[in-house]
Amino acid sequence: MERTSTVLQVSLYHPAPGTVTFAKIPQQLQHDTSRLLVGRGQDTHIQLQLPQLSRHHLSLEPYLEKGSNLLAFCLKVLSRKSCVWVNGLPLRYLEQVSLSAVNRISFSGIQMVVRREGGASLEAFVCYFHFSSSPLIYRPKAQETDEWENMKTENPPVLEEATQDLLGSHDGSSQTQTAVSSQALEEKEI
């Protein structure tokens with residue numbers, strides 16, 4: 001009796017033209033229950049051709065949940081260089097998170113959607129790879145990269161400066177500025 005394997009449907013997208021980034025990824029990959037390495041290294045199972053990636057950037061690690069007879073997976077970040085986003089959650093070096101049935105993962109411009117379909121085999125799983133020509137994940141760019149760490153925050157304008165701009169005069173009396181400020185606060189509360 002043949003036991004069906006757990007299947008990971010992995011969709012990949014990168015904005016660079018052509019498929020050079022994904023050139024060394026097979027259409028299908030049969031794997032045992034050891035961790036599945038993703039990165040630019042020659043020894044990775046999913047080898048991505050991007051110089052900004054670490055040799056071992058992340059791993060998908062199968063495990064058995066307590067009381068379950070199906071394989072589950074967690075994603076572990078192996079890169080010291082950058083952040084990996086999993087379902088909107090930023091992960092850093094050696095942090096990990098359990099994956100659900102559908103997962104949206106982004107790192108270094110790569111977008112990856114991983115769908116898990118359960119199977120009875122506890123000895124192996126299969127990955128099927130699909131390559132997309134359009135983005136898979138839609139969210140602000142700052143969340144897909146580490147840019148948010150380097151962004152400087154501007155101080156909000158002082159209330160007096162804002163009211164002076166509204167009045168069109170820089171020598172308005174303090175009573176007028178207070179009246180405008182009070183009116184602005186009342187409108188905000190409404």
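Filter the stretch 71-101 down to the residues that are assigned to a loop (DSSP other than H, G, I, E, B) and of a type outside the set (A, V, I, L, M, F, W, C) and list them by number.
Passing the criteria: 79, 80, 81, 82, 87, 88, 92, 93, 95, 100.
Does the stretch 34-43 contain at least one residue that is out of contact with any strand residue (DSSP E or B) (no Cβ under 9 Å at 6 or more places or on another chain), among the charged types (D, E, K, R), surrounded by fewer than 19 Cβ atoms within 10 Å (Cβ to Cβ) and assigned to a loop (DSSP other than H, G, I, E, B)?
No, the conditions are met nowhere in the stretch 34-43.
Which one of these does residue 172 not meet: (1) farther than 19 Å from residue 83 by Cα; (2) modelled with pLDDT of 50 or more; (3) of a type outside the set (Phe, Trp, Tyr)?
Residue 172 satisfies all of (1) farther than 19 Å from residue 83 by Cα; (2) modelled with pLDDT of 50 or more; (3) of a type outside the set (Phe, Trp, Tyr) except (2).
Looking at (1) at negative phi; (2) buried (at least 17 other Cβ atoms within 10 Å of the Cβ), can you tell me which one residue 65 breaks?
(2)
How about the stretch 54-79: which of its residues are at pLDDT 95 or above and either farther than 18 Å from residue 31 by Cβ or of a type in the set (S, T, N, Q) (or both)?
Listed by number, the residues that qualify are 54, 55, 59, 77, 79.
Condition check ((1) under 21 Å from residue 126 (Cα atoms); (2) part of a loop (DSSP other than H, G, I, E, B); (3) in contact with a Pro (Cβ under 9 Å, 6 or more places away or on another chain); (4) among the hydrophobic types (A, V, I, L, M, F, W, C)) across all residues:
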{"site": "50", "(1), (2), (3), (4)": "no, yes, no, yes"}
{"site": "56", "(1), (2), (3), (4)": "yes, yes, no, no"}
{"site": "66", "(1), (2), (3), (4)": "no, yes, no, no"}
{"site": "69", "(1), (2), (3), (4)": "yes, yes, no, no"}
{"site": "103", "(1), (2), (3), (4)": "yes, no, no, no"}
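Condition first: surrounded by 14 or more Cβ atoms within 10 Å (Cβ to Cβ), closer than 19 Å to residue 65 by Cα and polar (S, T, N, Q). Now tell me which residues in the stretch 80-103 satisfy that.
Passing the criteria: 96, 103.
Would you check which residues across the stretch 6-34 are under 16 Å from residue 103 (Cβ atoms), of a type outside the set (A, V, I, L, M, F, W, C) and over 18 Å from the mean Cα position of the chain (by Cα) and list them?
Of everything in the stretch 6-34, just one residue is under 16 Å from residue 103 (Cβ atoms), of a type outside the set (A, V, I, L, M, F, W, C) and over 18 Å from the mean Cα position of the chain (by Cα), namely 6.
Could you figure out which of (1) polar (S, T, N, Q); (2) closer than 17 Å to residue 38 by Cα; (3) modelled with pLDDT of 95 or more isn't true of residue 87?
Here residue 87 clears every test but (2).
The values are calculated or read from the model by the stated rules, or taken from the named source; none is laboratory data. Computed from a predicted structure; not experimentally measured. Every residue, glycine as well, gets a Cβ built from its backbone with ideal geometry; the counts of neighbours run over all protein chains shown.
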